[in-house]
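Computed from the coordinates by the stated procedures, all read-outs in this text should not be read as laboratory data. Everything quoted here is computed from the prediction, not taken from an experiment. Positions of Cβ are generated from backbone atoms using ideal geometry, with glycine treated the same way; all protein chains shown enter the neighbour counts.
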Amino acid sequence: MDFGKIPQDELNTVDFTLPAEPVDNRLVLTGQKTGKPQVYLGVPRWGHKSWVGRVYPKGTKEAGFTEQYVKHFNCVELNATHYKIYTPAEIGKWAARAAGRDFKFCPKVPQLISHYSNFNNVFDQTSAFLEGVLAFGEHLGPIFLQVSESYAPGRKTPLFNYLASLPTDLPFFLEVRHPQWFSDPVIRKELFDTLRSLNIGAVITDTAGRRDCAHMHLSAPRTFVRFVCNLLHPTDYTRADAWVQRITYWINNGLQELYLFVHMPDEMYCPELIAYMIDKLNPACDLHLQKPQFIQPGKSTAGTQISFFD
């Protein structure tokens with residue numbers, strides 16, 4: 001993800017502190033831990049060629065990445081659906097790879113709906129998209145709708161009307177990027193109040209160059225985090241620690257579902273950072289998440305802070 005990307009030599013100048021807990025989060029959190037939370041961590045695609053011999057068995061071809069991926073992670077941010085509407089038969093082939101596993105596919109709404117329609121006359125496209133992703137069955141995670149950075153609050157009416165038209169028996173999240181959604185307190189409140197009334201979650205995007213998108217608002221008792229990192233720069237680890245602390249607080253106060261996706265250039269070192277976070281989350285939240293398994297553990301163990309930017 002290039003959104004919010006800044007030069008590597010500027011990372012140490014960024015204040016990565018997560019915002020204080022919004023007061024309105026109390027409207028969706030009970031204040032106490034409720035049952036066993038569903039916690040999922042993954043990346044936006046099936047892997048990177050550098051994972052072969054490090055995470056995936058030596059000789060694994062790209063066609064075999066999906067089969068290997070589900071052995072190491074419990075969810076995937078499915079950006080492929082942003083560029084094409086897939087048929088139930090096509091989706092079913094992906095779902096079959098996760099058979100017998102607690103694994104979630106989190107499909108992204110097609111761009112022909114989210115970016116090119118202004119949400120006019122998209123009933124047929126939405127129906128076709130949903131018909132396809134429903135073939136994931138028990139493996140269908142939340143569906144996320146991202147509008148472009150140029151989609152300003154002045155166009156809120158068609159967006160809100162579209163959100164209100166979505167089926168209420170499926171979990172949806174919305175990601176907005178135009179700065180005015182966050183900078184104007186009246187607009188910000190209306191956004192999260194609307195999402196809360198519709199039981200639609202708010203995507204939280206934590207990226208260096210757009211700190212406003214790490215808003216920390218929960219409009220439902222679940223969250224969807226896009227954590228944009230930088231090839232295991234030291235700040236990736238301090239930021240991961242802050243996220244573990246906030247997630248622990250949320251879970252102890254009633255968060256029911258968490259979907260966190262680590263983004264990084266080419267996803268090269270995502271397994272290391274996810275393993276690092278799981279090592280912290282499991283004891284902090286009484287979880288039993290399985291972390292990625294490395295073929296060469298001495299070379300790439302989680303918690304080893306590898307810096308490429310001395």
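The table below lists the values:
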{"read-out": "Rel. contact order, % - alpha carbon contacts under 8 angstrom, at least six apart, the range 32-285", "value": "22 percent"}
{"read-out": "Residue order, fewest to most surrounding Cβ atoms within 10 angstrom, among D279, D193", "value": "D193, D279"}
{"read-out": "Other-chain or far-sequence residues with amide H under 5 Å of I143's (modelled H)", "value": "F172, F173"}
{"read-out": "Descending semi-axes in Å of the range 151-245, equivalent ellipsoid built from Cα gyration tensor", "value": "26, 16, 11"}
{"read-out": "Cβ-based exposure ranking for V55, V109, in which fewest neighbours within 10 Å come first", "value": "V55, V109"}
{"read-out": "Hull shadow area, averaged, the range 1-100 [alpha-carbon convex hull, nm²]", "value": "11.1 nm²"}
{"read-out": "Positive dipole terminus of the range 50-97, leading residue within C75, G53, T87 (C-beta point charges)", "value": "G53"}
{"read-out": "Computed over the range 150-195, Kirkwood Rh from alpha-carbon pairs, angstrom", "value": "11.3 Å"}
{"read-out": "Rg to Rh, two decimals, where the chain supplies the alpha carbon set and Rh follows Kirkwood", "value": "0.94"}
{"read-out": "The range 211-247 versus the range 18-73: alpha-carbon centroid distance in Å", "value": "13 Å"}
{"read-out": "Residue order, fewest to most beta carbons within 10 Å, for L140, L41", "value": "L140, L41"}
{"read-out": "Helical mean residue ellipticity (222 nm; -39500 (n - 2.57) per DSSP H run of 4+; nearest 500) of the chain", "value": "-9500 deg cm²/dmol"}
